[in-house]
Each structure stands twice: as C-alpha cells, then as structure tokens.
Amino acid sequence: MPCSSSGSCYSSGASAISTSPDAGTLAPWAPPKHLVTVGLYRVSRNPMYVAVCIIVLGFAVASRATALWVYLGVVALAFHLRVVTYEEPWLARTFGAEWLAYRSRVPRWFGRRSTGVTATHAASFER
C-alpha cells in the first residue's frame, strides 16, 4: 500500500510542522496565532487533508472496495466544503494581506501556482 504509506508520511510531516512552536495546534478550539507557510505548507494550503485522501486512496486501491472509493469521494467533498465555506474565510479575516499573498502563491490542494511573472514582466527582465 504505497499510497497509504506516502499519505501517512505526508500527514506526519504536516502534523509536525503544525505543532511546532508558534504555529498553532491541530485542535479547532485553539486556532493558530500565526499563518503556517513552511514545510509542506509551501506546496499545499491543506497538506493534512491531502494526506488523509492519499491514505484512503491507498486503501481503496489495495482493497478494490467500492465502498472505499465512495468514502473517498465523500471525504474529499466534505474537506473541500469545509475549506471553502469556513476555513478560508476565517483565514482571510484573521490574517488579511498575509493570507491573500499566501493564497496567491500556494494551491489549495496540490499542483503548481504561477510565479505571477507575465510575459510582459519577463521581457522587461531580459533588458
């Protein structure tokens, strides 16, 4: 189950960063005092949710159980709705411009974000 192992490692790394000093906690009743943007949070704004989905994906692939595929879809949708309707608005209110800059640099789930350099800007750098 390589996916589950990868997800567990990914989750452990995100948890370790989240619980570092001044980063806040994983507990909803003790939200972070500082925006965490280091480690896995440089490549995903929600690395722990991604890790959970990777773990469930690993089990779904390994067991070939339809129920786990359905569960993965439900979990991924629930994470997405929570992030979009609750977490991101709270982060915007709490961290303001710092959150907006971070949001523009780092994707919600995974992938790549552009550096913000357009063709016009790139041409001006070449001169």
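Once phi is turned into θ = phi - 60°, what whole-Hz ³J(HN,Hα) does the Karplus curve with 6.51, -1.76 and 1.60 give for every residue of segment 75-82, x standing for Gly and Pro?
Ordered by residue, 3J(HN,Hα) equals 5, 4, 5, 4, 4, 4, 5, 5 Hz.
Which whole-Hz couplings ³J(HN,Hα) result when phi for each residue of segment 90-106 is put into the Karplus expression 6.51 cos²θ - 1.76 cosθ + 1.60, θ = phi - 60°, listed in order with x for Gly and Pro?
Running phi through 6.51 cos²θ - 1.76 cosθ + 1.60 with θ = phi - 60° gives 5, 4, 5, 5, 7, 10, x, 4, 4, 5, 4, 5, 4, 4, 6, 8, 10 Hz.
At 0.36 nm per residue, and after removing the present C-alpha to C-alpha distance, how many nm does the segment from V61 to R112 gain when stretched out fully?
Values: separation 51, 0.36 × 51 = 18.36 nm, distance 2.56 nm.
Between V61 and R112, full extension yields 15.8 nm more.
A short reminder: the numbers here are calculations on the coordinates, not readings from a lab. Predicted, not measured: the structure shown is a model, and the values here were computed from it.
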